[in-house]
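The values are calculated or read from the model by the stated rules, or taken from the named source; none is laboratory data. If you're wondering where the values come from, they're calculated on a predicted model, not measured in any experiment. Backbone-built Cβ (ideal geometry, glycine too); neighbour counts: all protein chains shown.
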Amino acid sequence: MSQDDETFSTIDFAALPKHFDSKAAEEKWDAAWQERGIYHYDPSRPREETFVVDTPPPTVSGALHVGHLFSYTHTDVLVRQRRMRGQNIFYPMGWDDNGLPTERRVQNYFHVRCEPHVPYEPDLALEPASAKKRKKERPRVVSRRNFIELCQQVTQEDEQAFMALWRRLGLSVDWRQEYATIDERSRHLAQLSFLDLFDKGHLYSNEAPTMWDVDFQTAVAQAEVEDRPKKGAFHDIRFGVKGSERSFVISTTRPELLPACVGVTAHPDDERYQDLFGQQAITPLFHAPVPIFPSELADKEKGTGILMVCTFGDQTDVTWWREQNLALRQVIGRDGRLVPVTFGEGVWESEKPELANRCYAELAGKRVGGARQAIVELLRDPEGRAAGDDAPLQGEPEPTDQAVKHYEKGDRPLEFITTRQWFVRLMDQKDALLERGAQIQWHPGFMHQRYQIWTENLGLDWCISRQRYFGVPLPVWYPTDADGVPDYERPIVAASGALPVDPMSDPPPGFEEGQRDQPNGFTGDPDVFDTWFTSSLTPEIGSHWWLDEARHARLFPADIRPQSHEIIRTWAFYTIAKAHLHEDTIPWKHVVISGWVVDPQRKKISKSKGNVKGSPPELLDSYSADGVRYWAAGARLGTDTAFDEKVFKIGKRLVTKLYNAGKFVLSQQAPRAPISNELDRAFVAKLAELTREASAAFDEFEFAKAMMATEQFFWASFTDTFLELTKARARGDFGGPADQGSAVAALRLGLNVLLRLFAPVLPYITEEVWSWVFAEETGQPSIHAAPWPTEADFADVTAPDDPGSFELAVEALATINKAKSDAGVSVGRVTEHLVLGANAATKDRLAPVWEDVAGAARCQDEHLEANDGLEDGAFEVREARFAEKPEKK
RNA sequence: GGGCGGGUAGCUCAGUCGGUAGAGCAACGGCCUUACAAGCCGUGGGUCGCAGGUUCGAGCCCUGUCCCGCCCACCA
């Protein structure tokens, strides 16, 4: 590098490698950025200068896929632009290692099973289990605390790998702000959240029918439920009426629930059944008398219009059961099998207990599917009838398509099973939560509706307890009476100073460990939280809510929550609910929703569908981090994007072009001079316009628009045109030192500004080129700490005399190039003689930039002629003679 | 069943206030040109899903409709 006051400082062109080594640059610059701490959050700066990101913690249970690269790049692009605008960035990274996927992995990896009731082993040291061991030996039983420690051990390796990938992708995360959803602080805050909600009266526990997964054997929340299409069949079954010859036919898709029938209902206006209301129906096979009542919820058009109410077939059954105060006959057990019961005893009323028990013996112990087959056979036998002469089953089952509720991670339909669970009251907060949603800005705006619809349709309080082992324990114990029976109505909640606690290994306040599960002692609640109970605190985990009030005040509410749209009903919704219930506020100002990466068939790319194309490391190797980021940044928020390798290639090409253009511009030697030439000033005016456009787009979170405008300008207005037009003058082929200096100054300003406009999307190549000259010249060692371009960058350059002179020069050169193309000669061929026509006005306007056009066309003898037949701004080559192809050396 | 988003060149996508349809890639033709052949110059390519309506004028606004994707819905 040479430098003095008289000339521009330049690079030695020949000293730079011919090709840009992106992988080496990624290693070099990542290390430099970490070392300089340019991503560090500065707690001393005020809140209004700070931009707080509530980063989604990726699940640490598998590998990251291309969808992660996509959406995390979006956030990073926004963050980098804000950083250049001078904001103090808080950009943490969390790891979601809390939940079922990790639980499964740890079980497999160490060949262990968690059992909350066994004691903690402080010195437990396990090795990964061999395949042989997994096959031959029974899994080792460990305490919940040990299980959590094993999890942390397993996830640590993955977290290292994830971090390496994120850093290579160029995410400008402050790694000092790392957290995991199972780490001590997250457990602490999740339990604090429980305590606070408990104190405020937003929590309750009760024993009630809850959606239950029979495989995982846990309660699940409404948000974790999805409908799946399933083939079912209507079974028409004849019921009797007590003390009457009357009968009626109900239609059901779940005949196996017949023993659980506790009522019959029809619409109050249904004339077919009005005479039955108030009477008792008799079920076939089990001959249980059940009340017949009217209900607006019954649909006259569905089935036969009259239906059986069971405990429990669906949510409506639960409603009827509550409203009508019906009996509870729970036939399906927690494992999904029909439990043994005896008809004629207790709630299991029957007018023919002997027949009922004989029939039920065919069902007991079977799963739902088996029981259904068995009961259909029983129903074909006239012996079980409750009315009429024929068999209870009327005709053959009629196939139908149904939508059946499933746990999103489960395989079998959910059942409603009565268990004791903890709930957060949300049904009384719906209006308030809708109002909170309206206070947040959603990008794109229509995503707000997803939130609204979900909130409006919310039908249940939030069930937060899970009968799993790995997770954050509920900080609750129950006192036991003299018989050792727990009193669930008087829960003992942990003291806030003692958190985090594990009630299965820690005693509650005021008790000794020796009193555990003893009469007049206590028992620990073995359940853990729904993972969303912790995940919904990510803004508070980042801000250290309650643990550091001053920090919390500076970081909460956050500015942006980036996330994908399928978890609006879970992550976004619960986070809003928590901030509302805890602090009576919104958790963030903006929600930024990325779309999905889809395959050419428009299906979401996911590992389970097997349509994942390239692994992230492969993509980064093939196309460089900048190339991958280019692809991601080209997608608007909320819009799905096709996985298209062509786009990665274009990104890589752009990186190469920036490298080459940078080398060229920064190796031009010339006397220092202000930007004075007409063409240069016209170019700068366009550059200023681009800057305004890109800045405005970023203000609206529209990074794709900003990048595409910059890219368009870079090729069409910089490398292909301005650079070609000024090349000869920059070399000093004509004009004086002022003209030459003006050209080089404008080229450098153009490069400098374009690098900064590209920097949020292409952090590596822009930093590389920036480092050659601009870092020292501007005193900004990193482009990522340099200011985002503004009007101030162009303040010293006076406006062009003719704002259209740049376009005229481009058009004139294009006209000459076309003549060369038509003549089959390269644009580099010397033009020995040229007569260019334009109308008089256009000719006069072109005059100030004509030398540059002629220089770019390599003219030796050029003439401009008036030709009033042409339109304004149009040119015509009237005479041209090109040099012979030079001899090859 | 309700709602949201999309449908524009072979492909991926822009399209501002309603004012003569754009870019890149691909294709085709030419070019080794003192930054770059990982490049450059040029050429062709459209019933804007379909049908109506409003308007002097519609890719854009209104109505209907088809297709794709997604979200939601009490599954008798």
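The figures follow:
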item	result
All positions within region A:317-344 that are among the hydrophobic types (A, V, I, L, M, F, W, C), in contact with a helix residue (DSSP H, G or I) (Cβ under 8 Å, 6 or more places away or on another chain) and surrounded by fewer than 15 Cβ atoms within 10 Å (Cβ to Cβ)	A:Leu328
Test for A:Ala327: is it among the hydrophobic types (A, V, I, L, M, F, W, C), assigned to a loop (DSSP other than H, G, I, E, B) and away from RNA strand B (no atom under 12 Å from the Cβ)	yes
Tally, over region A:850-879, of residues that are more than 56 Å from the chain's Cα centre (by Cα) and within 13 Å of RNA strand B (Cβ to nearest atom)	1
Filter result (over 37 Å from the mean Cα position of the chain (by Cα), among the small types (Gly, Ala, Ser) and closer than 13 Å to A:Leu363 by Cα) within region A:313-344	none
Filter pass, A:Glu383 being surrounded by fewer than 16 Cβ atoms within 10 Å (Cβ to Cβ) and free of Cβ contacts under 8 Å to residues at least 12 places away in the same chain	no
Cross-chain or 6+ apart pairs with Cβ under 7 Å, region A:204-223 first and farther than 12 Å from A:Ser465 by Cβ and among the charged types (D, E, K, R), then within 14 Å of RNA strand B (Cβ to nearest atom) and not in a loop (DSSP other than H, G, I, E, B)	A:Asp213/A:Tyr407
Enumerated strands (runs of 3 or more DSSP E) restricted to region A:436-542, each holding at least 3 residues that are away from RNA strand B (no atom under 16 Å from the Cβ)	A:476-479, A:522-524
Those residues of region A:512-533 which are without any contact (Cβ under 8 Å) to a residue 40 or more places away in the chain and either surrounded by fewer than 17 Cβ atoms within 10 Å (Cβ to Cβ) or of a type in the set (Ser, Thr, Tyr) (or both), in sequence order	A:Glu512, A:Glu513, A:Gly514, A:Asp517, A:Gln518, A:Pro519
Only listed residue being within 26 Å of A:Ala759 (Cβ to Cβ), hydrophobic (A, V, I, L, M, F, W, C), assigned to a loop (DSSP other than H, G, I, E, B) and within 16 Å of RNA strand B (Cβ to nearest atom), chosen from A:Phe701, A:Phe683, A:Phe718	A:Phe701
Boolean, A:Phe423 is of a type outside the set (D, E, K, R), touching a Pro at 6+ places or on another chain (Cβ under 9 Å), in a strand (DSSP E or B) and surrounded by 13 or more Cβ atoms within 10 Å (Cβ to Cβ)	no
Some residue of region A:8-19 being part of a loop (DSSP other than H, G, I, E, B), within 30 Å of A:Thr534 (Cα to Cα) and in contact (Cβ under 8 Å) with a residue 40 or more places away in the chain	no
Count - residues of region A:632-650 that are free of Cβ contacts under 8 Å to residues at least 40 places away in the same chain, more than 7 Å from RNA strand B (Cβ to nearest atom) and buried (at least 16 other Cβ atoms within 10 Å of the Cβ)	1
Those residues of region A:222-232 which are under 9 Å from A:Tyr407 (Cα atoms) and either part of a loop (DSSP other than H, G, I, E, B) or more than 9 Å from RNA strand B (Cβ to nearest atom) (or both), in sequence order	A:Glu224
Top-ranked residue of region A:454-499 - restricted to ones that are of a type in the set (Ser, Thr, Tyr) and within 18 Å of A:Arg420 (Cα to Cα), ranked as surrounded by the most Cβ atoms within 10 Å (Cβ to Cβ)	A:Ser465
Pick from region A:543-567, criterion touching a His at 6+ places or on another chain (Cβ under 9 Å) and either assigned to a helix (DSSP H, G or I) or β-branched (Val, Ile, Thr) (or both), ranking: nearest to A:Arg450 (Cα to Cα)	A:Ile560
Selection count where residues are under 20 Å from A:Gly62 (Cβ atoms) and assigned to a loop (DSSP other than H, G, I, E, B), scope region A:111-163	3
Residue match in region A:695-713 (condition: in contact (Cβ under 8 Å) with a residue 40 or more places away in the chain, under 25 Å from A:Gln860 (Cα atoms) and aliphatic (A, V, I, L, M))	no
Flag if A:Ala661 is near RNA strand B (Cβ under 8 Å from one of its atoms) and at pLDDT below 90	no
Residue that is small (Gly, Ala, Ser) and either within 44 Å of the chain's Cα centre (by Cα) or within 13 Å of RNA strand B (Cβ to nearest atom) (or both), where the choices are A:Ala288, A:Ala298, A:Ala281	A:Ala298
All strands (runs of 3 or more DSSP E) inside region A:774-889 with 1 or more residues being in contact (Cβ under 8 Å) with a residue 40 or more places away in the chain and of a type outside the set (Val, Ile, Thr)	A:831-838, A:876-882
Number of the condition not met by A:Ala841 [criteria: (1) more than 13 Å from RNA strand B (Cβ to nearest atom); (2) at pLDDT below 95; (3) of a type outside the set (D, E, K, R); (4) in contact with a Ser or Thr (Cβ under 9 Å, 6 or more places away or on another chain)]	(4)
Meets criteria (within 16 Å of RNA strand B (Cβ to nearest atom) and buried (at least 23 other Cβ atoms within 10 Å of the Cβ)) for A:Leu757	no
Residue in region A:238-261 that is near RNA strand B (Cβ under 8 Å from one of its atoms) and under 20 Å from A:Thr418 (Cβ atoms) present	yes
